[in-house]
């Protein structure tokens, strides 16, 4: 792609674009075709995050004073805008993080579904009346916004997961500082613009494009200044633990959506075809880059061999490759995720056996995958890998292998 057509993105704070880029410049590339530059982004720093929190703090009282049903109408506008731009937004997701287009369409639909569910809550933010033990006294409760929410999200679900945070927070009268994954800046920009064009006042939603360390420093300062009243974080357990500790200093309870090591149990009376179908997508969909991905299959010994034969056959025949096509999965999200996945393969031990493909590690012309769709050397593709013979004391059994 010509550099003349590459958009330059930046943080959006208090209704204004912050083009200073104190955190440097980052290039977002298509992981299925790394020669394709999706966008360049001028990164913010800790000061940018604090400025966004101040802008949100300034705008929040006015947004909170807006009647809840009217805020619900704005969320309804978000739903209609996303639905009208469904295919375009899905194409951005596919191009920037390599999610198969059919999956990307489903993810975009989750935004619409989330909006449609919560917009009705604008008329259902009920309080309570409580009987009093004292004469001439009335007791009642009513809901008030928390204040400013800091939302920090990962890039494997770059539009659905943010919507799960943004929609209810905004509907309930809170202002938001959103820091998306730095490796999905174009997707974040597209989603933020749809929210902003739905009628949100300046400062109610602020987009901070920044890297992790700068974000953490900015969050710490914003909490110290009393600018943030709620934190939502989706990402690794290691970083989530640090975020939780930081919030604990201020007696805040963050919303943490972290990693997982998810099992599938196959009993002796199981429908093996159904079990294989579930294991195939839950284990390898999105190239395994999900906190809900299948990590371990526990199979009853009576059906172990039959299950393995069917599962291996299904994985070996699955189509992997260009996410624009009809594939089980596409590339790893970025070089960082590729390198980390290849590192997990070092944990394979002599007592293990490996199945699932014509090779292991990165798919290339020299390490091909049978039936691969597209040019393997153009992107960041990995062989699907089944490791058999896992024991409870194996590191592969205990650790989340993201990919």
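Between residue 65 and residue 242, what is 0.36 nm times their sequence separation minus the Cα-Cα distance? Round to one decimal in nm. Don't skip to the end; give the middle numbers.
Numbers: separation 177, 0.36 × 177 = 63.72 nm, distance 3.40 nm.
Stretched fully, the residue 65-residue 242 segment lengthens by 60.3 nm.
Using all Cα-Cα distances in region 16-67, what percent lands in each 10 angstrom bin from 0 up to the longest?
21, 31, 26, 17, 6
Which percent of Cα pairs goes in each bin when the distances of region 350-403 are cut into 5 angstrom slices starting at zero?
4, 19, 24, 20, 14, 11, 7, 1
As an exercise, take the mean of 1/r over every pair of distinct alpha carbons in region 138-241, invert it, and state the Kirkwood radius in angstroms. Mind dumping the intermediate values first?
Details: mean 1/r = 0.0696 Å⁻¹.
For region 138-241, inverting the mean 1/r across all distinct Cα pairs yields 14.4 Å.
Can you tell me the orientation of helix 237-249 relative to the chain, as the angle in degrees between its alpha-carbon axis and the longest Cα principal axis, to the nearest 10?
20 degrees
Report, to one decimal in Å, the Kirkwood hydrodynamic radius for region 24-124 based on all distinct Cα pairs. All intermediate terms of the calculation are to be shown ahead of the outcome.
On the way: mean 1/r = 0.0613 Å⁻¹.
Computed over region 24-124, the radius equals 16.3 Å.
What order, most packed first, do the peptides 320-329, 29-38, 122-131 have when packing is the mean number of other Cβ atoms within 10 Å of each residue? Working shown, then result.
Details: 320-329: 21.5, 29-38: 19.4, 122-131: 11.1.
Top to bottom by mean Cβ count within 10 Å: 320-329, 29-38, 122-131.
Cα centroids of region 178-233 and region 311-337: how far apart, whole angstrom?
After rounding, the separation between the Cα centres reads 31 Å.
Starting from 0 in steps of 10 Å, tell me what percent of the Cα-Cα pairs of region 262-398 lands in each bin.
12, 43, 35, 9, 0
Peptides 172-184, 244-256: what's the order by average Cβ count within 10 Å, highest mean first? Spell out each step's value before the answer.
Working: 172-184: 25.5, 244-256: 13.9.
Packing order, densest peptide first, comes out as 172-184, 244-256.
Taking the 0 to 90 degree range and rounding to the nearest ten, how far is the long axis of helix 185-196 tilted relative to the main principal axis of the chain, both from C-alpha atoms?
Once rounded, one gets 40 degrees.
If you take all C-alpha pairs in region 83-132, what percent of them are over 12 Å apart? Provide the component values of the computation, followed by the final result.
On the way: 832 of 1225 pairs.
The share of Cα pairs beyond 12 Å in region 83-132 comes to 68 percent.
Assuming R0 = 30 Å, can you tell me the calculated FRET efficiency for the pair residue 58 and residue 142, based on Cβ-Cβ distance, to the nearest 0.05?
Once rounded, the FRET efficiency stands at 0.80.
Where does each of 93-100, 144-151, 46-53 land if you order them by average Cβ count within 10 Å, highest first? Please report the intermediate quantities before stating the final value.
Numbers: 93-100: 27.6, 144-151: 22.0, 46-53: 24.9.
The densest-packed peptide leads the list: 93-100, 46-53, 144-151.
Can you give the relative contact order of region 3-257 as a percent, counting alpha carbon pairs under 8 Å and 6+ residues apart?
On the way: 514 pairs, mean separation 66.6, N = 255.
Relative contact order, region 3-257: 26 percent.
If you wrap a convex hull around the C-alpha atoms of region 200-330 and split its volume per residue, what is the figure in Å³? Mind showing how you got there, number by number?
Working: hull volume 23.6 nm³, N = 131.
So the per-residue Cα hull volume is 180 Å³.
Considering only DSSP beta bridges with both partners in the chain, what is the antiparallel share in %, to the nearest 5? Numbers along the way, then the final one.
Numbers: 17 of 42 bridges.
Taking every DSSP beta bridge with both residues in the chain, the antiparallel ones total about 40 percent.
Pairing the Cα long axis of helix 304-317 with the longest principal axis of the chain, what angle in degrees results, from 0 to 90 and rounded to the nearest 10?
80 degrees
Counting each pair of different Cα atoms once, what's the Kirkwood radius of region 3-257 in Å, rounded to one decimal? Present the calculation step by step, with values, prior to reporting the outcome.
Values: mean 1/r = 0.0534 Å⁻¹.
Hydrodynamic radius (Kirkwood, Cα pairs) of region 3-257 is 18.7 Å.
Nearest-5 percent of antiparallel DSSP beta bridges in region 262-398? Walk me through the intermediate numbers first.
Numbers: 4 of 11 bridges.
About 35 percent, rounded to the nearest 5.
Bear in mind these aren't lab numbers, they're just calculated from the coordinates by the rules spelled out. Note that this is a predicted model, so its numbers are computed, not measured. Here the Cβ is made from the backbone with ideal geometry for all residues, glycine too, and neighbour counts use every protein chain on show.
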